Amino acid sequence: MPFHVYILFSTKIQKTYVGLTSNLEARIKSHNVSAKGWTIRGRPWGLVYSEVFCSKAQAMAREKELKSGKGRVFIKDVVLKNLWYRLQLVARW
């Protein structure tokens, strides 16, 4: 069973959320419809990045890394800059 480490972004609160799941589609839906949890205040959440791992242990290690200082730098410098670039391209159309 594959495991996904994912990053969501909320334009409403300008925050990212890092998580791990074995069912990415259902988990994103859960973040956007569930009546409880931290992500309720940032709806809607959109997927901006994901990685797939063969083992839960590998996925947990990557999730932990993304939640560290080094991971936050990666999110800011790679993921969010790429998102910003894509939004600029869409805005030009």
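The values are calculated or read from the model by the stated rules, or taken from the named source; none is laboratory data. Just so it is clear, the structure is predicted and the values come from calculations on it, not from any experiment. Glycine gets a Cβ as well: all are built from the backbone with ideal geometry, and neighbour counts include every protein chain shown. Heavy atoms of the whole protein, side chains included, go into the accessibility calculation; ligands, DNA and RNA do not. Shrake-Rupley method; radii C 1.70, N 1.55, O 1.52, S 1.80 Å.
Residues that are touching a residue at least 40 places away in the same chain (Cβ under 8 Å) and open to solvent by 40 Å² or more (accessible area, probe 1.4 Å) were ranked within the stretch 1-19; the one that is nearest to residue 75 (Cα to Cα) is 16. Can you spot a residue in the stretch 29-51 that is in a strand (DSSP E or B) and among the hydroxyl-bearing types (Ser, Thr, Tyr)? The answer is yes, given that some residue of the stretch 29-51 is in a strand (DSSP E or B) and among the hydroxyl-bearing types (Ser, Thr, Tyr).
For the stretch 24-61, what are the residues that are closer than 11 Å to residue 6 by Cβ and either of a type in the set (S, T, N, Q) or open to solvent by 40 Å² or more (accessible area, probe 1.4 Å) (or both)? Answer for the stretch 24-61, where residues must be closer than 11 Å to residue 6 by Cβ and either of a type in the set (S, T, N, Q) or open to solvent by 40 Å² or more (accessible area, probe 1.4 Å) (or both): 25, 27, 47, 49, 50, 52.
State whether one or more residues within the stretch 54-63 are farther than 19 Å from residue 84 by Cα, outside any strand (DSSP E or B) and under 11 Å from the mean Cα position of the chain (by Cα). Within the stretch 54-63, one or more residues are farther than 19 Å from residue 84 by Cα, outside any strand (DSSP E or B) and under 11 Å from the mean Cα position of the chain (by Cα).
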